[in-house]
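K.L.:
One structure is given below, represented as structure tokens, and several questions about it will come after.
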Amino acid sequence: MEENCVTPGENGIIVGPDGLARPLWAAADPLMQSYYDHEWGMPVRDEQGMYERISLEAFQAGLSWATILRKRDAFRKAFLDFHPESVAAFNQADVERLMLDAGIVRNRLKINAAITNAKATIALREEGGLVDFVWSFQPASTPAPRTVADIPTTSPESIALSKALRKKGFAFVGPTTMFALMEAVGIVDTHLLDSHRRGSSGVWA
């Protein structure tokens, strides 16, 4: 691999052989690069997609996102494409089955949280639905980080979203996890200013 693809500049940006500027985390692993270039930070506005992202962000807690991304196909198979009704119907036998599934992260609390959150997602439909609820916490402005050190890990909005979701019965939705969700689904744009993906969501100018 060429040197300029592995040595970041002072702002944490790497210009790859393709001439595109990315942060270090998205520059080395082809899977992470593809995720960064085509998916991360793009608006998610469907219930199933939002529920999946909340579930995967919860499973990611304490682990690297690369680990979750490599297991995403297995997660989708295990959780029936994260269809809320399907997961909400899971019982204890399903939990034990999932605990034996080496393709996913076998954490009982997180598995139970996915089931709990599926039920909460369905219940939230009576109040307009999960998507509108999460997007209602979009801030008035988005961060404008020049370096990786400038990127926050929480925000007043992610703290408020965390509290609000917990009141609605959701689990594993802490402020840091919710800020990561907001980044992933386009609610905030934390792409570095020099990244080729800055502003790509269309949500922020």
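Each reported figure results from applying straightforward, stated rules to the coordinates on display, with no laboratory input. Predicted model, so just to flag it, every value in this text is computed and none were measured. Note: ideal-geometry Cβ built from the backbone for every residue, glycine included; neighbour counts use all protein chains shown.
K.L.:
Do me a favour and compute the ellipsoid semi-axes for the range 58-166 from its Cα gyration tensor, root of five times each eigenvalue, largest one first, whole Å.
P.N.:
Working: eigenvalues 156, 83, 24 Å².
Rounded to whole Å, the semi-axes are 28, 20, 11.
K.L.:
Hey, another quick one. First measure r as the distance between the Cβ atoms of THR176 and MET99, then evaluate 1/(1 + (r/R0)^6) with R0 = 22 Å and state the FRET efficiency to the nearest 0.05. It would help to have the intermediate numbers written out before the result.
P.N.:
Numbers: r = 26 Å, r/R0 = 1.16.
Given R0 = 22 Å and the Cβ-Cβ separation, E is 0.30.
K.L.:
Between ASN91 and GLN48, what FRET efficiency comes out of the Förster formula 1/(1 + (r/R0)^6) with R0 = 22 Å and r the beta carbon distance, rounded to 0.05?
P.N.:
On the way: r = 21 Å, r/R0 = 0.96.
For GLN48 and ASN91, the calculated efficiency is 0.55.
K.L.:
Rounded to a whole number of µm²/s, how large is the Stokes-Einstein D of the chain at 25 °C and 0.890 mPa s, given Rh as the Kirkwood radius over C-alpha pairs?
P.N.:
Values: Rh = 17.8 Å.
It diffuses with D of about 138 µm²/s by this estimate.
K.L.:
If I stretch the segment between SER64 and HIS83 completely, what's the gain in nm (0.36 nm per residue apart, minus their alpha carbon distance), one decimal?
P.N.:
Working: separation 19, 0.36 × 19 = 6.84 nm, distance 2.44 nm.
Additional length available on full extension: 4.4 nm.
K.L.:
Using R₀ = 25 Å, calculate the FRET efficiency as 1/(1 + (r/R₀)^6) where r is the Cβ-Cβ separation of ARG125 and LYS163; round to 0.05.
P.N.:
Numbers: r = 21 Å, r/R0 = 0.82.
Calculated value: 0.75.
K.L.:
Could you give log10 I(q)/I(0) at q = 0.21 Å⁻¹ for the range 161-205, computed by the Debye formula over C-alpha point scatterers of equal weight, without solvent?
P.N.:
-0.69
K.L.:
Could you list which residues have their amide H under 5 Å from that of ILE13, counting only those 5 or more apart in sequence or on another chain, with H placed in the peptide plane?
P.N.:
none
K.L.:
Stokes-Einstein at 10 °C, 1.306 mPa s, Kirkwood radius from Cα pairs: D for the range 1-119 in µm² s⁻¹? Don't skip to the end; give the middle numbers.
P.N.:
Values: Rh = 15.9 Å.
My calculation gives 100 µm²/s for D.
K.L.:
I've got another one for you. How much length is gained if the chain between SER34 and ARG108 is pulled fully straight, taking 0.36 nm per residue apart and subtracting their Cα-Cα distance, in nm to one decimal? Please list the in-between numbers first.
P.N.:
On the way: separation 74, 0.36 × 74 = 26.64 nm, distance 3.01 nm.
Fully extending the segment from SER34 to ARG108 adds 23.6 nm.
K.L.:
Mind checking the dipole of the chain: about its Cα centre, +1 per Lys or Arg Cβ, -1 per Asp or Glu Cβ, Debye to the nearest 20?
P.N.:
Numbers: 21 positive and 25 negative charges, 148 e Å.
Computed charge dipole of the chain: roughly 700 debye.
K.L.:
Ranked highest first by average number of other Cβ atoms within 10 Å, how do 66-78, 169-181 line up? Each step should come with its number before you reach the end.
P.N.:
Working: 66-78: 15.8, 169-181: 20.3.
Result, highest mean Cβ count within 10 Å first: 169-181, 66-78.
K.L.:
Can you return the lysines within cross-link range of LYS77? Criterion is Cα-Cα under 29 Å, with same-chain partners fewer than 8 residues away left out.
P.N.:
LYS110, LYS119, LYS168
K.L.:
As a test of the formula, what do you get for the chain when each DSSP H run with n ≥ 4 contributes -39,500 (n - 2.57) and the sum is divided by the residue count, at 222 nm and rounded to the nearest 500 deg cm²/dmol?
P.N.:
Details: 10 runs with 94 residues, N = 205.
It comes out at -13000 deg cm²/dmol, rounded to the nearest 500.
K.L.:
Would you kindly calculate the mean projected area, averaged across all directions, of the convex hull enclosing the Cα atoms of the range 12-75, in square nanometres? Intermediate results must be reported in sequence, preceding the final value.
P.N.:
On the way: hull surface 19.8 nm².
Taking a quarter of the hull surface, the average projection is 4.9 nm².
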